[in-house]
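The structure appears right after this line, and notes come after that.
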Amino acid sequence: MGTYRQYDAKDCTVMVDGVYITGFGEDMVSFEKDEDFVNPVAGAQGDVVANVIHNDICTLTLSVQATSPQKAHLIRLATSKKMFKIWVTNKSIGERFGGNKAMIKTFPELTHGAEAEDREFEISVFDGTIEAI
């Protein structure tokens, strides 16, 4: 019989600049490397050169509800253009990602209508890393 693991969104913690984030939006958080680790190039005779790319920049998208208690903290970080640490951890599935050098790219899109929509903060993580824990 195989190994059984359970995922629970409540097992995910996000710390931004020393502050735990609560009041997540539906999509919570995503993390993506901006470039590949390697760019293989084949020559005319089929010889391959693997060009290693040393770009560790990743994009972390953090979705919070319009009523999140930490939304003001995130907006202050955006306007200050301050560099900060950001780490996302989910112990139940053994993942940790983020970095020690991050900045918010821009304000989230703000809409006001019949429903309070989530606010998505796009964050550049300059030393992005993913760890198995």
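Just so it is clear, none of the values below were taken in a lab; they were calculated from the coordinates. Because the structure is predicted, anything quoted here is derived from the model rather than measured. Here the Cβ positions follow ideal geometry from the backbone for every residue, glycine too, while neighbour counts run over all protein chains shown.
Here are a few things to note about the model shown:
- Neighbour cut-off at most 14 other Cβ (10 Å), DSSP loop, trypsin sites (Lys or Arg not before Pro), the stretch 48-126: K81, K82, K91, K105
- Matching label, log10 I(q)/I(0) by the Debye sum over Cα atoms at q = 0.10, 0.13, 0.17, 0.21 Å⁻¹ computed from the structure shown, candidates (i) -0.29, -0.51, -0.90, -1.44; (ii) -0.41, -0.63, -0.91, -1.22; (iii) -0.53, -0.78, -1.02, -1.19: (ii)
- Applying a threshold of 23 Å to the alpha-carbon distances of K71/K105; K33/K81; K81/K101; K33/K82; K10/K81; K71/K101 flags K10/K81 as lying beyond it.
- Under the convention that each Lys and Arg Cβ holds +1 and each Asp and Glu Cβ holds -1, the size of the dipole of the chain around its Cα centre is about 620 debye.
- Extension gain, V41 to S92, is 14.5 nm, computed as 0.36 nm per intervening residue step minus the present C-alpha separation.
- Inter-part distance where the stretch 97-112 and the stretch 66-81 are each reduced to a Cα centre, Å: 9
- Applying a DSSP loop filter and a limit of 16 other Cβ atoms within 10 Å to the chymotrypsin sites (Phe, Trp or Tyr not before Pro) in the stretch 40-133 leaves F126.
- J(HN,Hα) series, the stretch 52-68, from Karplus relation 6.51 cos²θ - 1.76 cosθ + 1.60, nearest Hz, glycine and proline x: 6, 9, 9, 9, 9, 5, 10, 10, 10, 10, 10, 10, 10, 5, 4, 9, 4
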